[in-house]
1. Pick out the one residue from Leu22, Leu32 that is crowded, with 18+ Cβ neighbours inside 10 Å and in contact (Cβ under 8 Å) with a residue 12 or more places away in the chain.
2. May I ask you to list the residues in region 63-93 that are without any contact (Cβ under 8 Å) to a residue 40 or more places away in the chain, within 19 Å of Met12 (Cα to Cα) and part of a helix (DSSP H, G or I)?
3. Please state which one of Ile46, Ile77 is over 21 Å from Leu18 (Cα atoms) and buried (at least 17 other Cβ atoms within 10 Å of the Cβ).
4. If Asp106 passes every condition in (1) surrounded by 12 or more Cβ atoms within 10 Å (Cβ to Cβ); (2) modelled with pLDDT of 85 or more but one, which one does it miss?
5. Do we find that Ala55 is loosely packed, with under 13 Cβ neighbours inside 10 Å and within 16 Å of the chain's Cα centre (by Cα) in this structure?
Amino acid sequence: MRAGQQSKYRWMGISLGLSIVLLVLKFTAYFLTYSTAILSDAVESIVNVIASGFAFYSIYLAGQPRDHNHPYGHGKIEFLSSGFEGAMILSAGLVIIWQAILSFFDPKPLSNLDWGLCWLA
């Protein structure tokens with residue numbers, strides 16, 4: 001494995017790990033506060049985690065050598081990765097809109113804002 005490939009894997013792994021940590025922190029803050037704004041940010045973090053994981057896998061696949069089934073290589077997976085990420089962003093947007101509508105018609109009082117801010121700070 002080349003040094004450039006190792007560097008890509010390392011940075012993608014760090015990106016994926018940090019995305020997971022942020023996801024846990026944001027959902028913890030949401031369950032402490034029941035804030036729709038924090039929930040929408042947490043839902044967006046789900047997209048980051050899934051997109052980072054898929055990008056990590058697609059970089060691995062794109063680095064594979066040509067074979068009988070893929071005579072021109074595996075580079076086209078990167079286009080699939082971007083389309084998948086776009087679909088995930090659209091899905092997250094729809095979930096956020098749906099949650100905002102639900103919160104508008106059935107609002108919950110905010111609670112534990114001090115703890116929620118500590119988790120996000």
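The values are calculated or read from the model by the stated rules, or taken from the named source; none is laboratory data. It should be emphasised that the depicted structure is a prediction, and the values quoted were computed from it without experimental measurement. Counting neighbours? That spans all protein chains shown, and the Cβs are built from the backbone with ideal geometry, glycine included.
1. Working: Leu22 fails: crowded, with 18+ Cβ neighbours inside 10 Å.
The unique qualifying residue is Leu32.
2. Looking only at region 63-93, we keep the residues that are without any contact (Cβ under 8 Å) to a residue 40 or more places away in the chain, and these are 64-87, 90, 93.
Now restrict to residues that are within 19 Å of Met12 (Cα to Cα): 64, 74-86.
Result: Ile77, Glu78, Phe79, Leu80, Ser81, Ser82, Gly83, Phe84, Glu85, Gly86.
3. On the way: Ile46 fails: over 21 Å from Leu18 (Cα atoms).
Just one listed residue meets the conditions, Ile77.
4. Here Asp106 clears every test but (1).
5. Values: loosely packed, with under 13 Cβ neighbours inside 10 Å: no; within 16 Å of the chain's Cα centre (by Cα): yes.
No: the conditions fail for Ala55.
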